[in-house]
Amino acid sequence: VQLQASGGGLVQPGGSLRLSCAASGRRFSANPVGWYRQAPGQQRELVASATGGGLITYADSVKDRFKLSRDLAKNTVYLQMNNLKPEDTAVYYCNGVKGCVVYWGQGTQVTVSS
């Protein structure tokens, strides 16, 4: 199983990015998935997650700005990030849970700076 994260980049404050996490090898259509981020010198933190049943939760710091969605046909999870702030700067990782195994993508860098 491979999770390929993409879509990161440099954006000005107030801008938007959409991250993608494409899964290959196994389907994650009914499995929990999530987006995490890790800023330099800090621990990895949960940004957004979705249960297999479709319940989505967000960290307080990103509520009303970020949106997690899934394209079941493409086996891909997205994170739409709007109104980005400098404190959103981090490496973003996606993950998926299949049984007792947690699969991680390789991370994509998001930098919010003017």
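What is the Cα centroid distance between segment 1-74 and segment 85-114, reported in whole angstrom? If we compute the Cα centre of each part, the gap is 7 Å.
Sequence-ordered 3J(HN,Hα) estimates for segment 73-88 from the Karplus curve with 6.51, -1.76 and 1.60 and θ = phi - 60° stand at 5, 8, 6, 10, 10, 10, 10, 7, 10, 10, 6, 5, 10, x, 6, 7 Hz, glycine and proline given as x. Applying 1/(1 + (r/R0)^6) with r as the Cβ-Cβ distance of Q12 and Q109 and R0 = 22 angstrom yields a FRET efficiency of 0.90. Size descriptors for the chain, from the alpha-carbon set: Rg then Dmax equal 13.3, 42 Å. The string of couplings for segment 58-71 from the Karplus curve (6.51, -1.76, 1.60, θ = phi - 60°) is 10, 5, 4, 5, 10, 4, 6, 10, 10, 9, 8, 9, 10, 10 Hz, one whole number per residue in order, with x for Gly and Pro.
Share of carbon and sulfur in the accessible area of the chain stands at 49%, probe radius 1.4 Å. Restricting the calculation to Cα atoms, segment 15-70 yields a radius of gyration followed by a Dmax of 12.3, 34 Å. Shape annotation for segment 50-114: C-alpha extents along the principal axes are 41, 24, 22 Å, from largest to smallest. Between Q42 and Q2, full extension at 0.36 nm per residue minus the direct alpha carbon distance yields a gain of 11.9 nm. Between the amide H of V47 and those of W35, Y36, R37, distances stay under 5 Å, these residues lying 5 or more places away or on another chain, with hydrogens modeled in the peptide plane.
Here V97 and S24 are evaluated by their C-beta separation; at R0 = 22 Å the FRET efficiency comes out at 0.85.
The Cys residues in the chain with no partner Cys Cβ within less than 4.7 Å of their Cβ are C100. With θ taken as phi - 60° and the Karplus curve 6.51 cos²θ - 1.76 cosθ + 1.60 applied, the whole-hertz 3J(HN,Hα) list for segment 98-110 is 10, x, 9, 10, 10, 9, 10, x, 7, x, 9, 7, 10 Hz, x standing for glycine and proline.
The values are calculated or read from the model by the stated rules, or taken from the named source; none is laboratory data. Nothing here was measured: the structure is a model prediction, and the numbers come from that model. In this analysis, Cβ positions are derived from the backbone assuming ideal geometry, glycine residues included, and neighbour counts consider all displayed protein chains. In case anyone asks, the SASA skips ligands and DNA or RNA and just uses the protein heavy atoms, side chains included. Shrake-Rupley method; radii C 1.70, N 1.55, O 1.52, S 1.80 Å.
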